[in-house]
Amino acid sequence: MVIGVGVALVAVGGGAALAVTGSPGDGTSATGAGGGTSLAVQEGPLSSQVDQSGTLSYAGGADGNPYLVVDRAKGTYTWMPAAGAQVDCGETLYKVDQKPMLLICGSTPAYRDLAAGDDGKDVQALNKTLVDEGYADRSVLDPGSRHFGLPTMATLEKLQNDRGADVTGRLDLGQAVFLPGPLRIGKVTAKNGTNAVPGHSIMEASSNRREVTVKLDPAQQSEVHKGDPVQITLPDNRTTAGVVSRIGTVATSTLPVHITLKKPKDAGSLDQAPVQVEITTGGVGHALIVPVTALLGRGIRRRGRRGERRPEPDRAGHARAVRQRQRAGAGLRCPDGS
């Protein structure tokens, strides 16, 4: 079997491949066609990667943008959270006329009053929030139920009393904000003392999930897939693992790729931090790997008159490697002479 020296990666049969690596290693010697050179060849797995720069931050909505907090109450803003604050489900998001606007965690925005007898996805979000935050046991209130019954009313009264809201057992439009949560507050545009106008966006927020966003060249779209493993290098050169969780659509000249960290605590408090990512997009299980130093002359050995192998001096090694790549007959042979 003859393997061309000037090829970085080539299939050689049986599902194997030849690769040029950046560091030498122990492996099988392969002798040149004329018996004059010998290169160390390893067999092992080989993967292909896409290297990109990215930004570590907090995940937003499905489109990658921050959530918009839309006010539904009338009155005067009397308290606003600070940027960077975290608000859990069932907690006070902001206040109008000193009355708390509660965060109910769900994807359906607030659009109506909720009371006993109502049904829908917004009622399910309310039931789930009440149970998840410990105001009712699952045996009392089903978090998956879409029905507003007596258990919902009684449990809601507990939450309202705990937060200092009017205890009514119902949730009127303008008493809560429905968003996927918990939330991390971003830009706040409303100011204390200003008028609350229903339908106006008053702040931006994200989830508290850590995420790396990469702007990929659309030409590489076919290479990267959801579920691909990722190694992330943080600003202090520590590395942490991640996985491609979502691939957006082409925006202008780039394709947004979203990467979820497997160990979010590794990111600490970093936000909008530059990182480097290596996305493993594929590979082969068996490859023949040649150290690149061998191709530059540092790994080439010369046979003596008695057959012993002696190191070849490194002078003009690079030029020699270039000449070998240019020679049509240059190659490597495995020890069995194939």
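Do we have T168 as loosely packed, with under 14 Cβ neighbours inside 10 Å, under 21 Å from K74 (Cβ atoms) and not basic (K, R) here? Explain how you work it out, then say what you get.
Working: loosely packed, with under 14 Cβ neighbours inside 10 Å: yes; under 21 Å from K74 (Cβ atoms): yes; not basic (K, R): yes.
In short, yes.
For region 142-159, what are the residues that are in contact with a Leu (Cβ under 9 Å, 6 or more places away or on another chain) and under 16 Å from V123 (Cβ atoms)? Let's see the steps before the verdict.
Residues of region 142-159 that are in contact with a Leu (Cβ under 9 Å, 6 or more places away or on another chain), as a first pass: 143, 148-149, 151-152, 154-156, 158-159.
Within region 142-159, P143, F148, G149, P151, T152, A154, T155, L156, L159 meet the criteria.
Given the options L39, L68, name the one that is part of a strand (DSSP E or B) and either assigned by TED's automatic domain parsing to the domain that holds Y135 or at pLDDT 95 or above (or both). So that I can check it myself, show each step before the final result.
Numbers: L39 fails: either assigned by TED's automatic domain parsing to the domain that holds Y135 or at pLDDT 95 or above (or both).
L68 is the lone residue from the list that is part of a strand (DSSP E or B) and either assigned by TED's automatic domain parsing to the domain that holds Y135 or at pLDDT 95 or above (or both).
Are any residues in region 216-260 among the polar types (S, T, N, Q) and assigned to a strand (DSSP E or B), and if so, which ones? Outline the logic, then answer.
Applying the first criterion (among the polar types (S, T, N, Q)) to region 216-260 yields 220-222, 231, 233, 237, 239-240, 245, 249, 252-254, 260.
Scanning region 216-260 gives Q231, T233, T239, T240, S245, T254, T260.
For D88, which of the numbered conditions (1) crowded, with 18+ Cβ neighbours inside 10 Å; (2) under 33 Å from the mean Cα position of the chain (by Cα) fails to hold?
For D88, the exception is condition (1).
Quick one: which residue in Y94, Y135 is part of a loop (DSSP other than H, G, I, E, B), surrounded by 16 or more Cβ atoms within 10 Å (Cβ to Cβ) and among the aromatic types (F, W, Y)?
Values: Y94 fails: part of a loop (DSSP other than H, G, I, E, B).
Testing whether each residue is part of a loop (DSSP other than H, G, I, E, B), surrounded by 16 or more Cβ atoms within 10 Å (Cβ to Cβ) and among the aromatic types (F, W, Y) leaves just Y135.
Filter region 182-215 down to residues that are outside any strand (DSSP E or B) and closer than 30 Å to Q52 by Cβ, then give me how many there are.
Here is the first cut: in region 182-215, the residues outside any strand (DSSP E or B) are 182, 189-194, 197-200, 208-209.
Remaining after also requiring closer than 30 Å to Q52 by Cβ: 182, 208-209.
Matching residues across region 182-215 total 3.
Those residues that are of a type in the set (A, V, I, L, M, F, W, C) and closer than 14 Å to A82 by Cβ, I need them from region 176-201; list them, please.
Within region 176-201, the subset of a type in the set (A, V, I, L, M, F, W, C) is 176-179, 183, 185, 188, 190, 196-197.
Once the filter is applied, which keeps residues that are of a type in the set (A, V, I, L, M, F, W, C) and closer than 14 Å to A82 by Cβ, region 176-201 yields L183, I185, V188, A190.
Please state which of the following conditions V123 fails to meet, knowing it meets all the rest: (1) among the hydrophobic types (A, V, I, L, M, F, W, C); (2) surrounded by 15 or more Cβ atoms within 10 Å (Cβ to Cβ); (3) assigned to a loop (DSSP other than H, G, I, E, B).
The number of the failed condition is (3).
What do you reckon, is D142 farther than 22 Å from Y67 by Cα, of a type in the set (D, E) and surrounded by 17 or more Cβ atoms within 10 Å (Cβ to Cβ)?
Working: farther than 22 Å from Y67 by Cα: yes; of a type in the set (D, E): yes; surrounded by 17 or more Cβ atoms within 10 Å (Cβ to Cβ): yes.
It is true that D142 is farther than 22 Å from Y67 by Cα, of a type in the set (D, E) and surrounded by 17 or more Cβ atoms within 10 Å (Cβ to Cβ).
Does V70 satisfy the criteria of being in contact (Cβ under 8 Å) with a residue 12 or more places away in the chain, among the hydrophobic types (A, V, I, L, M, F, W, C), surrounded by fewer than 17 Cβ atoms within 10 Å (Cβ to Cβ) and closer than 15 Å to A205 by Cβ? Walk me through how you get there before you give the answer.
On the way: in contact (Cβ under 8 Å) with a residue 12 or more places away in the chain: yes; among the hydrophobic types (A, V, I, L, M, F, W, C): yes; surrounded by fewer than 17 Cβ atoms within 10 Å (Cβ to Cβ): yes; closer than 15 Å to A205 by Cβ: yes.
Yes: the conditions hold for V70.
Would you pick out the residues in region 100-122 that are hydrophobic (A, V, I, L, M, F, W, C) and in contact with a strand residue (DSSP E or B) (Cβ under 6 Å, 6 or more places away or on another chain)?
Pass one, region 100-122, residues hydrophobic (A, V, I, L, M, F, W, C): 101-105, 110, 114-116.
Selection gives M101, L102, L103, I104, A110, L114.
Please count how many residues of region 213-255 are more than 20 Å from P274 (Cβ to Cβ) and touching a helix residue (DSSP H, G or I) at 6+ places or on another chain (Cβ under 8 Å).
So the answer is 1.
Checking G117 against (1) surrounded by fewer than 17 Cβ atoms within 10 Å (Cβ to Cβ); (2) in contact (Cβ under 8 Å) with a residue 60 or more places away in the chain, only one condition comes out false. Which one?
Just one mismatch for G117, condition (2).
If you go through region 69-88, how many residues are in contact with a Leu (Cβ under 6 Å, 6 or more places away or on another chain) and farther than 12 Å from R184 by Cβ?
Applying the first criterion (in contact with a Leu (Cβ under 6 Å, 6 or more places away or on another chain)) to region 69-88 yields 72, 87.
If we keep only those that are farther than 12 Å from R184 by Cβ as well, we get 72.
So the answer is 1.
Out of D228, D236, D266, I need the residue that is of a type outside the set (A, V, I, L, M), at pLDDT 90 or above and over 18 Å from the mean Cα position of the chain (by Cα). Which one?
Numbers: D228 fails: over 18 Å from the mean Cα position of the chain (by Cα); D266 fails: over 18 Å from the mean Cα position of the chain (by Cα).
Of the residues listed, the single one that is of a type outside the set (A, V, I, L, M), at pLDDT 90 or above and over 18 Å from the mean Cα position of the chain (by Cα) is D236.
Quick one: which residue in L150, L156 is touching a residue at least 12 places away in the same chain (Cβ under 8 Å) and buried (at least 19 other Cβ atoms within 10 Å of the Cβ)? Before you say what the answer is, go through the steps one by one.
Working: L150 fails: buried (at least 19 other Cβ atoms within 10 Å of the Cβ).
Every option except L156 fails the conditions.
The values are calculated or read from the model by the stated rules, or taken from the named source; none is laboratory data. Just so it is clear, the model here is predicted, and its values are computed rather than measured. Note that we place each Cβ from the backbone using ideal geometry, even for glycine, and neighbour counts take in every protein chain shown.
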